[in-house]
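Data block below; observations after.
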Amino acid sequence: MLNPAPAISLGNTLSLILAFALVAAPHTEHLPLWLSALAGAMCLWRAYLARMRLALPARWLLMLVVIASAAAIYLQYRTLFGRDAGVALLVLMISLKLMETRTQRDGMVLAFISYFLVLTNFFYTQSILTALYLLGCVWLITAAMIGLQHTHEPARYRAQWRLQLRTSAVMLAQSVPLMVVFFFLFPRVQGPLWGMPSDAFAGVTGLSDNMSPGTINKLVFSEEVALRAEFSGKVPPPNKLYWRGPVLLDFDGKTWTAPPRPFLNRIDLQRRADPAYYRVTIEPHNRRWLFALDIPGLLPPRTSITADHLLMSQTPVTSRMRYDISSYLDYGIGADSNELTLRRALQLPRGFNPQTLELGQQLRAQHADNDAIVTAALALLREQKFTYTVEPPLLGRHSVDEFLFNTRAGFCEHFSSAFVVLMRAAGVPARVVTGYLGGEYNALGNYLIVRQSDAHAWTEVWMEKRGWVRVDPTNAISPARADGGLAAALPESALLSRSVFSSRNPLLHRWAMTWDSLANSWNQTVLGYNLETQRALLYRAGFDGDTLRTLAAMLIGATILVTLLLALATLRQRRRSREPVLAAYQTFCEKMAKVGIARGDAEGPQDFATRIAVTRPELAHATDAITRLYVSLRYQEEEENNNKNKYLQQLQQHIKALPA
Amino acid sequence: MTKIEQVAQQVGAIILGKQQQIRLALACLIARGHLLIEDVPGVGKTTLAHALAASLGLNFHRIQFTSDLLPADVLGVAVYNSDRSKFEFHPGPIFSQVVLADEINRATPKSQSALLEAMEEHQVTIEGETRRLPDPFFVIATQNPSHQIGTFPLPESQLDRFLMRIELGYPGPEAERALLRGENRRDLLERIQPCMQPAELLVLQREAQQVHASDALLDYVQALINHTRRSADYVSGLSPRAGLALAQAARAWALLDARKHVVPEDVQAVLPGVVGHRLSPTGAAREITATSADIAARLIASVAIP
């Protein structure tokens, strides 16, 4: 080879390793431990080799490692595609690429795949913190890439690094206008190719369509946001904030399940008060149901409602979704429920919970109508000193019996489950409703945050003429749950999660609310900017019709414009002289440029003054004084100029006196 | 009106509409440099030289360079005087304060170099004897554009000896009309009265050397020189002698303006005269920079004043 490729220097190697390690760091959370360890070891090994100036490992050895670890990834994920396996493979390949990074060119390749790795982090989270962190990573990668332009070892590493970081920051700052342009104008295409990998929502937490003891209990520990709601009027009182989720009709003795239900053509709703209007932003949960307060009135577009009054989307919610909706908080529903539904709401599995069945029959015998039975049952729960706890004792085969007659400690799912079984035993149609109760009001952003920890289960019983009536047995035992949320209902010692904890410390609480408000704005504006908002924006700007073509044209136009402006700004940017005389004269020239007389680079001060006098005679006098002072300060002999400071002051005053 | 301005005015009354060239010629003289006037025949090259010499009160000789001119015709010759039985030196036309070397590029290089050596050294050596030339000593050479037939173009090394080269060019329409209407130039020349003494010229030459060129100004001169050395527009950059010439000429120009310091405009004013014959543009640049003024304008435009 005539021109051997320049070898990569130690400083550049280390900065590339650092950049890669920082970009890959967030992935360790979900990568298998062995892979994180392998990648870390590769980084350290490569740094060691570079430091000691040792040769890199042989190619066949790397080949072996590649094959072995790719096989290990396949064994781990059972595929090489999709989000998790893909990211794992990418991290593996980059860390091995480190081991064959010899030349500047290899370094460039490494920098570019590191940029790509930055992108993959957004598959997992798109929060503000992530964005900021990755922005920092991009800064570092760019700085490392700038370093690759220098093939020699710098004399002083620290100065070199500082320079690289500064250049990188300047470059990133210059790209901000382009970034903004691309954010608004880059075509938002919706489709499988452009969306998230299909396995991206495998592990999301949230309510499911079945419930067994412990299901909701588990959610209580999660402070993840389920939804945020913005009310157009006053936020309803906490005990009205029942966010309706899956309705569980069928019970097999252990697990409650929600059967598929037909959709309603119209809502059989008796309205008793004006509806509440609000806007919900729901976090992706990979299910079709949407949450609304009991009971939704006007439905958002492309949604429907089931016979159990559950709001359903047409497709699973795999990205953050926003809808406007209204709900009647005082209502009557299902008075005309058909025989089939009611019979189903009375069914109990055979051979379970004999004691409860007996109790139910007793209640039926003692009381004439369903109303009285419900009241009596609730009174029973209240009297018998049940405990509300997130750590309930384990239950056996006759779970309801054990709960009602022995352990008497449980969480909302135990109460609702037991209550419905009891009601059904007494011949009252009943069903379990899951969802969320309450939410935390954020005064800063004027919205309600509903978290997974607000998950709740309650019941509905059917009464003649009144239809399905909500009965929350948890309320009978712990009235504080509905009014003050979970934190109020639990003893002080049961500190659950940060959100519950922070709600007890005013300062932390304030901070948490501020942060969530910020996150909400980020979600609504940045992440919520999609195909529809983009189209609406274009429409408002007066563009209609072929959106894609308009966007492409605008994008190209805006890019050219921004680039040109930046180039112009760079060309015009002249470093302000440190010398006061020159600096003053530069100010003068800038002022003149503003009135339309720009001094040419090669135009002498006297020629310039003459030109000003010709074009703007009214400025001639001032210009003449300024030019004379400037020339004498700059070109006269020092001896002639023993009043240098005085002249300088005069010059500055003259220039200041000029109309800006 | 200073005396030098009177000179400028008097010469300007004969060479009509060429104030800039006249001032350049005067600056060249004050900077102790020699002047080369290049133009087609008949635009008043000789008249200018004549008028300058007469106005300054300097004695004047004209040498018409031809292809059969010998060095002795320029320098002088030692002739045997049989009465005194020894050789007597007959000084040539070079022994005068202003020498007009007309059509210098018609002579052979041998004769050209005889003159050019005298210009550089301010002395001539004949028959082993060195003779000083008068002071002030000022050569005004004229030449026809080198594309005309029968010329021996001066080599670059010899062009460098001339502080300035100016081009007179055709007169403007008004000057032309005045010329046609006016008196015979030759009659005018004969009536010229000297405006100053040679000693006064020497004082001016000394004063010119004392004109202050500040650091900022020298920065500009260096920037100009460096640009010609780095740029691909020129076959070769300006020599240190050229840089020196530029500074000297700018000083003289400032003195003509009655200033004790040089400003960038002075440098720009003398630039066509100083660099026109020293820089040869390359390639594409050659097409668009035909004259000294073009070369200078291009150079000025490509270097910012620091």
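Quick note: the coordinates plus some simple rules give every number you see, no bench work behind them. Source: prediction; values computed, not measured. Every residue, glycine among them, receives a Cβ derived from its backbone with ideal geometry; neighbour counts consider all protein chains shown.
Summary table below
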quantity	calculated
Approximate spin-label separation A:ALA71-A:ALA379, in nm, with each point projected 7 Å along Cα-to-Cβ	7.4 nm
Degrees between helix A:82-98 axis and first principal axis of chain A (Cα, 0 to 90, nearest 10)	40 degrees
10 Å Cβ neighbours from other chains, averaged over peptide A:599-609	5
Between 0 and 90°, nearest 10: helix B:45-56 axis offset from chain B longest Cα axis	80 degrees
Positive-end extreme of charge dipole, the protein assembly as shown - chosen from B:HIS61, A:LEU207, A:GLY334 (charges on Cβ)	A:GLY334
Placed amide H near A:ALA335: partners under 5 Å, 5+ positions off or other chain	A:TRP468
Mean separation of Cα contacts under 8 Å, 6 or more apart, over the residue count of segment A:10-185: relative contact order %	28 percent
Segment A:36-107 and segment A:304-343: distance between their alpha carbon centers, rounded to Å	51 Å
Rh (Kirkwood; distinct C-alpha pairs) - the protein assembly as shown, Å	38.3 Å
Helix B:3-14 vs. chain B, principal-axis angle (Cα, 0 to 90°, nearest 10)	80 degrees
A:LEU163/A:ARG266 FRET efficiency (R0 60 Å; Cβ-Cβ; nearest 0.05)	0.30
Charge dipole of the protein assembly as shown about the Cα centre (unit charges at C-beta), most positive-ward option of A:PHE291, A:PRO617, A:ALA377	A:ALA377
Debye intensity ratio in log₁₀ form over the Cα atoms of chain B, taken at each q of 0.15 Å⁻¹	-1.25
Eligible lysines near A:LYS234 by straight Cα distance, threshold 20 Å, same-chain separation 8 or greater	none
Reachable lysines from A:LYS97, criterion Cα separation under 22 angstrom, eight or more residues apart if same chain	none
Normalised contact order of chain A, rounded percent, pairs of Cα under 8 Å and 6 or more residues apart	12 percent
Neighbourhood charge, 9 Å Cβ-Cβ cut-off, centred on A:GLY206 and excluding it, Lys, Arg +1 and Asp, Glu -1	-1
Alpha-carbon centroids, segment A:355-381 and segment A:272-294: separation in whole Å	34 Å
R0 of 45 Å, Cβ-Cβ distance A:ARG397-A:ILE128: FRET efficiency to nearest 0.05	0.40
Residue mean of other protein chain beta carbons inside 10 Å, B:215-221	2
Average Cα contact separation per residue, chain B, under 8 Å, 6 or more apart, as relative contact order %	22 percent
Between segment B:77-137 and segment A:601-660, the alpha-carbon center distance in angstrom	51 Å
Most to least packed among A:547-555, B:137-145, B:17-25, A:81-89 [average Cβ atoms within 10 Å]	B:137-145, B:17-25, A:81-89, A:547-555
Segment B:1-131: Lys pairs at Cα distance under 26 angstrom, eight or more positions apart or on different chains	4
Hull-based mean projected area of segment A:215-493, where the convex hull spans the alpha carbons, in square nanometres	14.5 nm²
Lysines whose Cα lies under 29 Å from that of A:LYS594, excluding same-chain neighbours fewer than 8 positions away	A:LYS644, A:LYS646, A:LYS656
Largest-first principal axis extents, alpha carbons of segment A:549-657, Å	69, 31, 24
